[in-house]
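Heads up: the structure comes next, in structure tokens.
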Amino acid sequence: MAVLFVTGTGTEVGKTVTTAAIAAAALARGRSVAVLKPAQTGVAAHEPGDVAEVERLAGAVTTAELARYPEPLAPATAARRAGMPPMGPQEIVEAAAELTASHDLVLVEGAGGLLVRLDADGHTLADAARLADAPVLVVARAGLGTLNDTALTALALRTYGLSCPGVVIGSWPAAPDLAARCNLADLPDAAGAPLLGRIPEGAGALPPGVFRAGAVRWLSAALALR
């Protein structure tokens, strides 16, 4: 059984689509997959969240969402403003462990970047991953500035004693500029981990069948077989 945390170098870098692609690739290889979203922010109670998008794109995955806060803010801030309890590392680890009992792969998708606060005590996704003794995949942007963002995330992972299997570019442009092309070679150095895939820009808008067929090409097979 395997648990893989998915974080980003920031917000809107393609974490959800990347999570869906990993799930789709794993399903294509005959594995059972669960996707856990500890804290969904910025989505009303009646609206579909990130796990619904993963299920739409990837197919037959088990989904779980532990907490939902209406404002598009960091989980700790959103919980405080909504007068709702925050979701801490222990609850996340317990939920992930329960899912591992019946699934080959459990993907835990964070909110924002690695060190975004989950609660008033300052706990982060890194604390949950450390408690779970699980690796953390980094989703990064393609273009200028991503090397610094990725290096800082990698530094934080090392500080917490966390392993990183690699980096995925969450939105690879159809016409990459010079910086993006150079980053293909430079991102592994910045991350201290291999580049494990590129998700095409706009992949989330593809028909689900096309998305699922593409996922096995966009990502290293190592991600689906963790």
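Tabulated data for the structure shown
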quantity	calculated
Within-9-Å neighbourhood charge of Thr7 [Cβ basis; K, R +1; D, E -1]	0
Cβ crowding within 10 Å averaged over residues, with 44-50, 188-194, 158-164 ranked highest first	188-194, 158-164, 44-50
Karplus 3J(HN,Hα) series, Hz, for region 161-178 with 6.51 cos²θ - 1.76 cosθ + 1.60 (x for Gly, Pro)	x, 9, 8, 10, x, x, 10, 10, 7, x, 7, 8, x, 5, 10, x, 7, 4
From the coordinates shown, Cα extents along the principal axes in Å corresponds to which of (i) 46, 35, 31; (ii) 58, 45, 36; (iii) 49, 42, 37	(i)
Helix-only [θ]222 nm of the chain, DSSP H runs n ≥ 4, -39500 (n - 2.57) each, per residue, nearest 500	-12500 deg cm²/dmol
Relative contact order (percent, whole number), the chain, Cα cutoff 8 Å, 6+ residue spacing	27 percent
Fraction of accessible area attributable to carbon and sulfur, region 1-156 (%, probe 1.4 Å)	53 percent
Restricting region 8-65 to trypsin sites (Lys or Arg not before Pro) in coil, as DSSP defines it, with at most 16 other Cβ within 10 Å	Arg29, Arg31
For region 210-217, Karplus couplings with θ = phi - 60° (6.51, -1.76, 1.60), whole Hz, Gly/Pro x	5, 4, 5, 5, x, 4, 5, 8
Dipole of region 26-68, positive direction: furthest Cα of Ala58, Ala28, Gly42, with charges on the beta-carbon	Ala28
Nonlocal amide H pairs with Glu65, under 5 Å, H built at 1.01 Å	Lys37
Derived scalar couplings ³J(HN,Hα) [region 193-206; Karplus, 6.51 cos²θ - 1.76 cosθ + 1.60; whole Hz; x for Gly, Pro]	7, x, 7, 9, x, 9, 8, x, 3, x, 4, x, 8, 6
Amide hydrogen neighbours beyond the local backbone of Glu71, cut-off 5 Å, H modeled	Gly42
Farthest positive-ward along the chain dipole, Cα basis, beta-carbon charges - from Ala213, Ala190, Leu99	Ala213
Dipole magnitude (debye, nearest 20) for region 30-156, charges at Cβ of Lys, Arg, Asp, Glu	260 debye
Solvent-accessible heavy-atom area per residue, rounded to whole Å², over region 1-147 at 1.4 Å	40 Å²
Simple Cβ-charge dipole of the chain, Lys/Arg +1 and Asp/Glu -1, about Cα centre, in debye nearest 20	440 debye
Relative contact order (%) - criterion: Cα under 8 Å, at least six apart; region: region 90-197	24 percent
Residues whose placed amide H lies under 5 Å from that of Gly8, excluding near-sequence neighbours	Leu114, Val139
Relative contact order %, region 20-133, counting alpha carbon pairs below 8 Å whose residues are six or more apart	30 percent
Charge tally in the Cβ shell below 15 Å around Ala45, where Lys, Arg are +1 and Asp, Glu are -1, Ala45 excluded	-2
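The values are calculated or read from the model by the stated rules, or taken from the named source; none is laboratory data. Bear in mind that the values here come from a model prediction, so they are computed numbers and not experimental data. So basically every Cβ, Gly included, is an ideal-geometry build from the backbone, and we count neighbours across all protein chains shown. In case anyone asks, the SASA skips ligands and DNA or RNA and just uses the protein heavy atoms, side chains included. Shrake-Rupley method; radii C 1.70, N 1.55, O 1.52, S 1.80 Å.
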